[in-house]
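Here's the structure we're looking at; comments come further down.
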Amino acid sequence: MDFKDTPEQAAFRAEVRQWLTANARPKQSGAGRPSQAERYDDAKRWYKKVADAGFACLDWPKEYGGAGLSQIHKVIWSQEVANYAEPDGYFVIGIGNCGPAIMHFASEQQKQHLLPRMASAEDVWCQMFSEPSAGSDVAGLRTSAVKQGDKWVVNGQKIWTSGAQHSDYGVILCRTDTEVSKYRGMTMFYIDMRQPGVDVKPIKQMDGDAHFNEVFFNDAEIPDSQRLGEIGGGWGAALLVLMNERLAISGVQPDGFPELLQLVKTLQIDGEPVSDNPSVREHLADWYCQHAGIKASTNRMLTAVAKGGMPGAEAALGKLVGAVMNQDIANYALQLLGESGPVMNPDFAPQQAHFQKTALFSPGIRLAGGTDEVMRNIIAEQVLGMPQEPRADKGMAFKDIPSGNQSA
Ligand SMILES: Cc1cc2nc3c(=O)[nH]c(=O)nc-3n(C[C@H](O)[C@H](O)[C@H](O)COP(=O)(O)OP(=O)(O)OC[C@H]3O[C@@H](n4cnc5c(N)ncnc54)[C@H](O)[C@@H]3O)c2cc1C
């Protein structure tokens, strides 16, 4: 990848900078910690503003609410907006995961109606794949959709659905055939989250927020026109979503290094700058190497995508290293802060309690979008070419796979 902007890219960067200078809030500008509802409203306001200015979903076609530009323009935008305190990645699941599914599978009329509203966050979307007994092995899911005339009737439960309580629509993966292997019997749909038969229950986390939810379906009806892809083609459709998820996450997933560097530059212990401490310097050097490595591998992936390729196993590498590092750095920073480490009040804690919040939420990042172990499996099998792990249910009809739930 050539890291220098072309003249056209440089002009775009200048345009973005000018707009952000006039419209975005600088970092460290707000006081206190807004509530979850306030952060949601704030994110909606920001997305609408960005869309009105023509900077939303830069690589989407203009007729669907984008700007008809490229992945590289998106990277430039992300690099520049990262200097501000705006919630630019807040709706990444809808736009980054559900958006490509709608773009790929929905009818032209649906795309023209749904996508511009998604881009400006007028409509918020969630992704409903995981279930209590189907997370890493999402193809083991049991929420059923049964065809009745020109509609489908959905029953079952999803879990860990980020943002479901705020969502207008969700992309949902359902079991539509139990007679074939688990990968061949799934179908993807989109569903109105406010309709009868859909019940959303937020799950409270240890940081006090309720980022994700349980979602229950009791005879919820979906018109066949909201099917995304072929009947039984849900696994292929899900892979498209998951590959785009890795790409979307890689743009916004923090690894914690810039924040740690900022802390170390300002902190003193026993009157000495922390940055002079050899142990701290060694940690910084290690994490800088990992930070630079993630950046390089993300750039390699973006280069491949810009040339028409698909996001590949490089994303698993960045996800694994970045998520572990983010948690390790937060815990290390709390140790450096000593007795003031546990102070959660953003008015007193450095960087508005960034490290305290991260220490509580970063374990979840190591699970979301695929756990550490699943990332290691992807790297082992797809990068290193090691043998696939044994799959005992390979080729077995879904209904014959032993489970605790014999009703499916
Ligand atoms: C913050 C957050 C947001 C999320 N948002 C969403 C969302 O919006 N939509 C959605 O559908 N889901 C979402 N999820 C769910 C997420 O995708 C799952 O948590 C994840 O896939 C792991 O599934 P699980 O929790 O069922 O764990 P399990 O799959 O049950 O795993 C349990 C443990 O076993 C290990 N394990 C499992 N399989 C293997 C294997 N083959 N080899 C080695 N080890 C293995 C795992 O690494 C883990 O340590 C979210 C999760 C989090 C934490």
Check your understanding: When the residues of region 352-385 are filtered to those that are on the phi > 0 side of the Ramachandran plot and in contact (Cβ under 8 Å) with a residue 24 or more places away in the chain, which remaining residue is farthest from the ligand (Cβ to nearest atom)?
Key -> 352
Review point. What about residue 331, is it surrounded by 12 or more Cβ atoms within 10 Å (Cβ to Cβ) and of a type outside the set (D, E, K, R)?
Key: yes
Practice item. Any chance you could count how many residues in region 334-350 are part of a helix (DSSP H, G or I) and open to solvent by 60 Å² or more (accessible area, probe 1.4 Å)? Key: 2
Exercise for review: Go through the residues of region 130-148 one by one and say whether even a single one is near the ligand (Cβ under 10 Å from one of its atoms) and in contact with a Gly (Cβ under 6 Å, 6 or more places away or on another chain).
Suggested key: yes
Exercise for review: Of the numbered conditions (1) within 12 Å of the ligand (Cβ to nearest atom); (2) open to solvent by 10 Å² or more (accessible area, probe 1.4 Å); (3) in contact (Cβ under 8 Å) with a residue 24 or more places away in the chain, residue 151 fails exactly one; give the number of that condition.
Suggested key: (1)
Review point. Which of (1) open to solvent by 20 Å² or more (accessible area, probe 1.4 Å); (2) over 16 Å from residue 315 (Cα atoms); (3) in a helix (DSSP H, G or I) does residue 362 not meet, given it meets every other one?
Key: (1)
Practice item. Just give me the residues in region 175-224 being aliphatic (A, V, I, L, M) and either under 29 Å from residue 236 (Cβ atoms) or surrounded by 20 or more Cβ atoms within 10 Å (Cβ to Cβ) (or both), in sequence order. Key: 180, 186, 188, 191, 193, 198, 200, 215, 220, 222
Review point. So, of the residues in region 86-124 that are touching a Gly at 6+ places or on another chain (Cβ under 7 Å) and either open to solvent by 10 Å² or more (accessible area, probe 1.4 Å) or part of a loop (DSSP other than H, G, I, E, B) (or both), which turns out to be nearest to the ligand (Cβ to nearest atom)?
Key: 93
Practice item. Scan region 286-301 and report the pairs whose first residue is in the same structural domain as residue 332 (by TED's automatic domain parsing) and whose second residue is crowded, with 19+ Cβ neighbours inside 10 Å and among the aromatic types (Phe, Trp, Tyr), with Cβ atoms within less than 7 Å and a gap of 6+ or a chain change. Key: 287/257; 288/257; 291/257
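The values are calculated or read from the model by the stated rules, or taken from the named source; none is laboratory data. None of these values were measured; they are calculated from a predicted model. As a convention, Cβ positions derive from the backbone with ideal geometry for all residues, glycine included, and neighbour counts pool all protein chains shown. Ligands, DNA and RNA are stripped out before the accessible areas are found, and what is left, the full protein with its side chains, is counted by its heavy atoms. Shrake-Rupley method; radii C 1.70, N 1.55, O 1.52, S 1.80 Å.
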